[in-house]
1. Can you tell me which condition Val184 does not meet? The list is (1) within 17 Å of Ala114 (Cα to Cα); (2) in contact with a strand residue (DSSP E or B) (Cβ under 9 Å, 6 or more places away or on another chain), and all the others hold.
2. Filter segment 223-251 for residues that are farther than 21 Å from Ala166 by Cα and in contact (Cβ under 8 Å) with a residue 24 or more places away in the chain and give the result.
3. Give just the number: which of (1) part of a helix (DSSP H, G or I); (2) open to solvent by 10 Å² or more (accessible area, probe 1.4 Å); (3) in contact (Cβ under 8 Å) with a residue 40 or more places away in the chain does Gln255 not satisfy?
4. Report those helices (runs of 4 or more DSSP H) wholly inside segment 121-222 carrying at least 2 residues which are open to solvent by less than 10 Å² (accessible area, probe 1.4 Å) and touching a residue at least 24 places away in the same chain (Cβ under 8 Å).
Amino acid sequence: MIEAITRIENRIQQIRALIEPEIPSSEKITRWNANSGLSSPYNMSKEEFGTQLQNQLIQNNDGIQPLRKSLPPDVSAKMEISPQVLSTSSDAEPTKLAPVTMPLATRVRQDVSATAIPLDPDEAARRERYLPIIREAAAQTGLPEVLIGAVIQAESSYKPGTVSSAGAKGLMQLMPENEEQFGVRNVFDPRENILAGSKHLREYVDRFGTLEKALAAFNAGPSRVVRYGGIPPFRETQNYVRRITGMLRQAGAIQDAG
């Protein structure tokens, strides 16, 4: 995912700037209210501020743990978020979501197998090892198994040891903040990686409502999809979306909305 770490670092700096201890100017308070959607931290107790900031981060659900750890200890202590909110442990009983329905743009059929995507013999042999996990992830998240398979192929070509230059790891190229969010203990474990990556993708499908936007968010980050109102104008992201939708078309899994 493009510049995910930079994106989080920038957000950390924004929060630090807004909660620095000196009395702010009226301009800084105005900027806080406009940018964060929260009341000024200087007009409330630390307890009230911690509660508001916790609620805002949960709603955004984008890098919660790295942001919380960056805050001063007295503020962070007010933001102790329940593990049930932040992660889905593999020890817990998995919650199965309803099959996803994408009402706009491209729709993906639920009845098409991941094996319908044409691959060369080596890639197909690697895929075969992970089909049971892909089907488990599809059952848990409600995503079509062919979509999960296409994302794995685009991200890692079914090579579980893949590491990107940005630090994304494993079959679905999880970033460190994703590992923490979904309680991943071993990012190179195929089952942990696929289940977490599929849950992460489902979040974006629910948030953005279309396949193309969800894929763009998975690659470039949700803030960029929001900023540009759709697929960002980055060659890597545009090629990523085209590649996955192309694989789905080859598999006969695409239904274009009329």
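The values are calculated or read from the model by the stated rules, or taken from the named source; none is laboratory data. Remember, it's a predicted structure, so these values are computed and weren't measured experimentally. We place every Cβ from the backbone using ideal geometry, glycine too, and count neighbours over all the protein chains shown. Surface areas here come from the heavy atoms of the whole protein model, side chains and all, with no ligands, DNA or RNA. Shrake-Rupley method; radii C 1.70, N 1.55, O 1.52, S 1.80 Å.
1. Val184 satisfies all of (1) within 17 Å of Ala114 (Cα to Cα); (2) in contact with a strand residue (DSSP E or B) (Cβ under 9 Å, 6 or more places away or on another chain) except (1).
2. Once the filter is applied, which keeps residues that are farther than 21 Å from Ala166 by Cα and in contact (Cβ under 8 Å) with a residue 24 or more places away in the chain, segment 223-251 yields Thr245, Met247, Leu248, Gln250, Ala251.
3. (1)
4. Answer list for segment 121-222: 121-141, 145-156, 190-208, 211-220.
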